[in-house]
Amino acid sequence: MQPKRVGVVGGGQLAWMMAGAAERLGLELTVQTPDERDPAVAIAAQAVWGAANDAAATAALAQLTDVITFENEFVDLERLQPLADQGIQFFPSLATLAVILDKYDQHQFLRSAGVSLPEFALLEAMPESLKLPSVLKACRHGYDGYGTFVIKTRAELADILAKSPAQRWMLEAFVPFERELAVMAARSANGELVLYPVVETVQADQVCRRVFVLADLPAAAVTQVEAAAKQILERLNYVGVMGIEFFLTIDGNILVNELAPRTHNSGHYSLDACVTSQFEQQLRAVCGLPLGSPAMTCAAAVMVNLLGYENAERDYLEKRQQLSAIPQAHVYWYGKTARLGRKLGHVTVLLSQSDRAEAEQIAAQVEQIWYP
């Protein structure tokens, strides 16, 4: 029987943006979240109170739902396993997540799968020799730039390690990339697989600031990205939507940066620019429905994140109204309290032609309105 009640571990904007698709598909969403102020609480049929790693709360969530999926990676797989052993359906599966959630384990899998990626090593002690710059990554619980550091001196590395002695770390070779790319991929339990357009992402302080959906990427790079995405999802027997980030090197090669086993910021444009959004696709995949078309409904698009530039409790209504006045702009406001670097919303602008200069100009216009 097709699941009708979907549980989501997490109550942030990613769960919030599933609401429209759930309604269209006739599905009921219940979220697990620790805070009644979280965005998805307002749209959920029910809420179970508890952090993402609260397995007792997930057990309560399971009593209210037919299938459970995830909005973030802060889960405790060991404590969830007894629920899976009882037959509770998790998508992606706990076995799949066990390969992905720890970045070192993730990189080990990618290497075994034959996918190209930067050189890496588990950091167990201060290395005697250290090629600088290098990238230091927390093996667990890093996101939006948190837990990732570009190391330029041995003193910087020593300082970070001293501040987090219990953290497991991985060192990765610094890649002098030409562009950063990403793709959203979806796979159903029966093996149906679809890929969204390959996009370019632009980071600021290691947080995604802009996403360009343009037809100006090298064809060879797009082919490499698509082949790697298919290989990863099939090798994992993955069910759901996955965001995959890549480096395009100066010599035209593609290296996998990271995997995100959920809907992802680089796919937000799909809400307005694609036949089927990544959020509807996630629900389709976990409920056993046929996957929808990821095709674009416009020539191109640009998405700009609205990042917090202050600590404040404001709704920024005047700025949002100015953003909404941009032709073909779609503004999403998550309703979260502002703090420095926090994702408070995003704007997607649809374009009638794939024009890099126009897309850059629109992104700059959005940022000029938003940032003081």
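The values are calculated or read from the model by the stated rules, or taken from the named source; none is laboratory data. Given the structure is predicted, the values throughout are model-derived calculations rather than measurements. Every residue, glycine among them, receives a Cβ derived from its backbone with ideal geometry; neighbour counts consider all protein chains shown. In case anyone asks, the SASA skips ligands and DNA or RNA and just uses the protein heavy atoms, side chains included. Shrake-Rupley method; radii C 1.70, N 1.55, O 1.52, S 1.80 Å.
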Q. Do the conditions hold for Ala162, that is, is it open to solvent by 20 Å² or more (accessible area, probe 1.4 Å), without any contact (Cβ under 8 Å) to a residue 24 or more places away in the chain and of a type in the set (A, V, I, L, M)?
A. yes
(Q) Residue under question is Ala51, and the condition is that it be surrounded by 15 or more Cβ atoms within 10 Å (Cβ to Cβ) and of a type in the set (Gly, Ala, Ser); does it hold? (A) yes
Q) Which numbered condition trips up Arg342, out of (1) touching an Asp or Glu at 6+ places or on another chain (Cβ under 6 Å); (2) of a type outside the set (A, V, I, L, M); (3) closer than 23 Å to Ala19 by Cβ? A) (1)
(Q) Here are the criteria: (1) open to solvent by 60 Å² or more (accessible area, probe 1.4 Å); (2) among the polar types (S, T, N, Q); (3) under 30 Å from Ala227 (Cβ atoms). Tell me which single one Ser188 does not satisfy. (A) (1)
Q: Working only within segment 307-327, note down all residues that are open to solvent by less than 50 Å² (accessible area, probe 1.4 Å) and closer than 19 Å to Leu351 by Cβ.
A: Leu323, Ile326
Q.
Testing Gln86 on (1) open to solvent by 60 Å² or more (accessible area, probe 1.4 Å); (2) without any contact (Cβ under 8 Å) to a residue 60 or more places away in the chain; (3) within 29 Å of Met17 (Cβ to Cβ), one condition comes back false. Which one is that?
A. (3)
Q: Hey, can you tell me all the residues within segment 191-220 that are without any contact (Cβ under 8 Å) to a residue 60 or more places away in the chain and over 19 Å from the mean Cα position of the chain (by Cα)?
A: Gly191, Leu217, Pro218, Ala219, Ala220
Q) Which members of segment 124-144 meet the condition of being closer than 10 Å to Ala173 by Cα and not in a loop (DSSP other than H, G, I, E, B)? A) Ser134, Val135, Leu136
Q: Provide a single number: the residues in segment 172-185 that are surrounded by 17 or more Cβ atoms within 10 Å (Cβ to Cβ) and either touching a Pro at 6+ places or on another chain (Cβ under 6 Å) or over 29 Å from Leu306 (Cα atoms) (or both).
A: 2
Q) Which pairs do you get when a residue that is in contact (Cβ under 8 Å) with a residue 40 or more places away in the chain and hydrophobic (A, V, I, L, M, F, W, C), found in segment 221-232, comes within reach of a residue that is open to solvent by less than 70 Å² (accessible area, probe 1.4 Å) and assigned to a helix (DSSP H, G or I), reach meaning Cβ atoms under 9 angstrom, with the pair 6+ apart or on two chains? A) Ala228/Leu110; Ile232/Phe109; Ile232/Leu110
Q: Considering only residues that are of a type in the set (A, V, I, L, M, F, W, C) and in a loop (DSSP other than H, G, I, E, B), look in segment 76-104 and name the one that is nearest to the chain's Cα centre (by Cα).
A: Leu101
Q) Filtering segment 64-75 down to residues that are closer than 20 Å to Ala285 by Cα and not charged (D, E, K, R), which residue is nearest to the chain's Cα centre (by Cα)? A) Asn72
Q | Lone unmet requirement of (1) open to solvent by 30 Å² or more (accessible area, probe 1.4 Å); (2) of a type outside the set (Asp, Glu); (3) closer than 19 Å to Leu255 by Cα; (4) without any contact (Cβ under 8 Å) to a residue 40 or more places away in the chain for Cys139 | A | (1)
Q.
I'd like the residue in segment 251-293 that is of a type in the set (Gly, Ala, Ser) and in contact with a Cys (Cβ under 7 Å, 6 or more places away or on another chain) and, out of all such residues, is nearest to Val199 (Cα to Cα).
A. Ser266
**Q.** Unique match (being over 26 Å from Asp38 (Cα atoms) and touching a residue at least 12 places away in the same chain (Cβ under 8 Å)) among Gln328, Gln322
**A.** Gln328
Q: Go through (1) assigned to a helix (DSSP H, G or I); (2) closer than 22 Å to Thr263 by Cβ; (3) open to solvent by less than 40 Å² (accessible area, probe 1.4 Å) one by one and return the number of the condition Ile68 breaks.
A: (1)
**Q.** Members of segment 207-231 found to be modelled with pLDDT of 95 or more and touching a helix residue (DSSP H, G or I) at 6+ places or on another chain (Cβ under 7 Å), listed by number
**A.** Arg210, Val211, Phe212, Val213, Leu214, Asp216
Q: Grab the strands (runs of 3 or more DSSP E) fully contained in segment 204-305, keeping just those with 1 or more residues being more than 28 Å from Pro176 (Cβ to Cβ) and open to solvent by 50 Å² or more (accessible area, probe 1.4 Å).
A: none
